[in-house]
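Comments concern the structure below.
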Amino acid sequence: MEYQRLIVCHECDLLFRKPSSVKGRRAACSRCGAGMTALPGSGWPLDWICAVTLAALIVFCIAQSFPVIELRANGMTSEATLFGAVRSLWSGNMRVVAIMVFCSAVLFPLIELLALLYVLVPLRLGTLPPRFNAMVRLVQLVRPWGMVEVFMLGVLVTIVKMVSIAQVIPGPGLFATGALTLMLGVVASFDPSRLWAVRDEIGRSQMADVRWSRVSTGRGRFTRPLGARQAGSPPAITARRAGLVGCHACGLVQTPIEGEAHQRCSRCEHVLHERRPDSLTRTASLLLAAAFAYIPANLLPIMHASSVGGSEDDTILGGVAYFWTSGDWPLAVVVFVASVLVPVLKLLVLTLLTVAASRGSGWRARERATLYRIVERIGRWSMLDVFVVALTVNLVHFGSLAVITAGPAALAFGAVVVLTMLASLQFDPRLIWDNVDAGQRHTPTANDEVPAAPFPTNRIS
Ligand SMILES: [Zn+2]
Ligand SMILES: [Zn+2]
């Protein structure tokens, strides 16, 4: 059974009554502070997102086709392009790192843009494209792994690094990557789970001439809570307590089938989980693997430089110390935060969350939920050093004069980033709140308080 007028917070499982449209605003859960997804009419209008996605695809092609940096030293010139960086790593026997850089800076952002356009353009024309569910799921799947903005910071760090040894000229690819970063920021603010509501709207109307503006903005009135919240009233109910489950992909609230381990959502066909299965075991295993990979990532050299004057190995911390002593302290701080502090912070916070959840602790749930959201957002920035290595390797190849190759720490470091990101994706944040609202299941009644989705003050369109 489906509950079209309910919505569930994907981070703390709290149930809300769904408004018919939030008219371009964003809403956050009143208990855990997470942004509510799958709200009809939230965020930028679909027309805007469609236009920005198309523009981003064009800029993406420009960014890939032109060099991002040009280096001139001793009358010799060298250029770095994104594909060139991948090729240099590949030919330098760093194939796994080459695949990581290619996927995070080229393949996944491209898949996201193409899949979004594939869905948005037909919706714009009032029709449903084939394999709609699979395409929207694909956007949700690749989104956390696209890292164009981290690559952009990597380019800037490489420029500052190279300025002291050679003449650096920014290429057209740099400006295109900068514009692409801004555009992808707008695209990333779009919540793809909204598209299922648009699809339902088109399906319901069954008219060939559905007006796009009506579909995207809606004109419904906000629903009122079933019962007004009063002092001393019982806490609001969660989906689990009400015997319901919210789909993690499209947000539809429905009744779980007893004994069905792999029940699929009746709307988007995504597998439904009341709680992610084996979440804590998987998170702990991935964290352990990441902690092991973190040791060689810091001890082994990340780059190997050889020139006529001799050869030199460079570790991450050695690089930070070099920048600090040579007066480039802003660069030292950026590299230290992204490469040393963020991975350690992520390992510590996720360990704390896993231990607290496994012990059934209800201690400071809101603060723990905030910590989880912070590590989920900042984890990707650790890829910075991997991008810097890829660009430097591609830039510095002046024959027998000077050559820089990637060291084994680049692989270990890439593994730390991927493993910690997988760990945070495997952790189910609803486990933080389970001990706060531990209670018996019961069938929802009219007396249960199901508040309307909260409305924030930040109107963005
Ligand atoms: Zn919540
Ligand atoms: Zn679903």
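The values are calculated or read from the model by the stated rules, or taken from the named source; none is laboratory data. Only a predicted model underlies this, so the values are computations on that prediction, with no experimental measurement involved. Positions of Cβ are backbone-derived with ideal geometry, glycine not excepted, and every protein chain shown enters the neighbour counts. Note: areas computed on protein heavy atoms with side chains; ligands, DNA, RNA excluded. Shrake-Rupley method; radii C 1.70, N 1.55, O 1.52, S 1.80 Å.
Each residue of the stretch 276-435 gets 111 Å³ once the volume of the Cα convex hull is shared out per residue. A crude spin-label estimate for the pair THR351 and SER326, with each label 7 Å from Cα along the Cβ direction, gives 3.4 nm. A cut-off of 5 Å between modelled amide H atoms, ignoring neighbours fewer than 5 places along the same chain, links LEU272 with GLN263, ARG264, CYS265.
In units of the rule-of-thumb radius 2.2 N^0.38 Å, the stretch 228-331 shows an alpha carbon radius of gyration of 2.03. Once the Cα atoms are used to define both axes, helix 194-205 deviates from the longest principal axis of the chain by about 40 degrees. The charge dipole of the chain, taken about its Cα centre with unit charges on the Cβ of Lys, Arg, Asp and Glu (plus for the first two, minus for the last two), comes to roughly 1700 debye. Spin-label model, ARG124 to HIS262: label points 7 Å out along the Cα-to-beta-carbon direction sit 3.8 nm apart. Across the stretch 341-364, the residues whose backbone nitrogen lies under 16 Å from the label position 7 Å along the beta-carbon direction of LEU288 are 351-352, 354-355, 358. With semi-axes defined as the square roots of five times the eigenvalues of the C-alpha gyration tensor, the equivalent ellipsoid of the chain measures 45, 27, 18 Å, largest first.
Toward the positive end of the charge dipole of the stretch 254-311, with +1 on the Cβ of Lys and Arg and -1 on the Cβ of Asp and Glu, the farthest Cα among GLY309, SER285, PRO296 is that of GLY309.
Maximal additional length on extending the SER65-GLN167 stretch stands at 34.5 nm, based on 0.36 nm per residue less the C-alpha distance.
Accessible surface computed residue by residue for the stretch 264-324, with neighbouring protein chains in place and a 1.4 Å probe, gives 55 Å² per residue. For the stretch 276-435, a crude dipole built from +1 on the beta carbon of Lys and Arg and -1 on the beta carbon of Asp and Glu, taken about the Cα centre, is about 800 debye to the nearest 20. Residues TYR294, TYR372, TYR3, TYR322, sorted by accessible area with the largest first, give TYR322, TYR3, TYR294, TYR372 [1.4 Å probe; ligands and nucleic acids excluded]. Among ASP428, ASP200, ASP314, the sequence by solvent-accessible area, most first, with a 1.4 Å probe is ASP314, ASP200, ASP428. Computed from backbone phi with θ = phi - 60° and the Karplus coefficients 6.51, -1.76 and 1.60, the 3J(HN,Hα) list for the stretch 92-106 is x, 6, 10, 5, 5, 5, 4, 5, 4, 5, 4, 5, 6, 9, 10 Hz; x is used for glycine and proline.
Once the GluC sites (Glu not before Pro) in DSSP loops with at most 14 neighbouring Cβ atoms within 10 Å are cut out of the chain, the longest remaining piece is 1-257.
Its relative contact order, with pairs defined as Cα atoms under 8 Å and 6+ residues apart, puts the stretch 276-435 at 43 percent.
Cysteines in the chain lacking any other cysteine Cβ under 4.7 Å from their own Cβ: CYS50, CYS61, CYS103. Divide by every residue of the chain the summed helix terms, -39500 (n - 2.57) for each DSSP H run of at least 4, and state the resulting mean residue ellipticity at 222 nm, rounded to the nearest 500 deg cm²/dmol. That calculation yields -15500 deg cm²/dmol at 222 nm. Mind checking the angle between helix 279-299 and the chain's longest principal axis? C-alpha axes, 0 to 90 degrees, to the nearest 10. Tilt relative to the chain: about 10 degrees. Putting +1 on Lys and Arg Cβ atoms and -1 on Asp and Glu Cβ atoms, find which of HIS397, TRP433, LEU331 reaches farthest to the positive end of the dipole of the stretch 276-435. Going by the charge dipole, the pick is TRP433.
How large, in percent, is the carbon and sulfur part of the accessible surface of the chain at a probe radius of 1.4 Å?
Ligands and nucleic acids excluded, carbon and sulfur give 62 percent.
Ordering GLY246, MET383, ALA369 by Cα displacement along the dipole of the chain toward the positive end leaves GLY246 in first place; charges were set at the Cβ atoms of Lys, Arg (+1) and Asp, Glu (-1). The slack in the chain from THR77 to GLU274, taken as 0.36 nm per residue of separation less the alpha-carbon distance, amounts to 65.1 nm. Over the C-alpha trace of the stretch 11-90, radius of gyration and Dmax come out as 22.3, 68 angstrom.
Measure nothing but the geometry: give the 0 to 90° angle between the long axis through the Cα atoms of 342-358 and the longest principal axis through the Cα atoms of the chain, rounded to 10°. Helix 342-358 sits roughly 30 degrees off the main axis of the chain.
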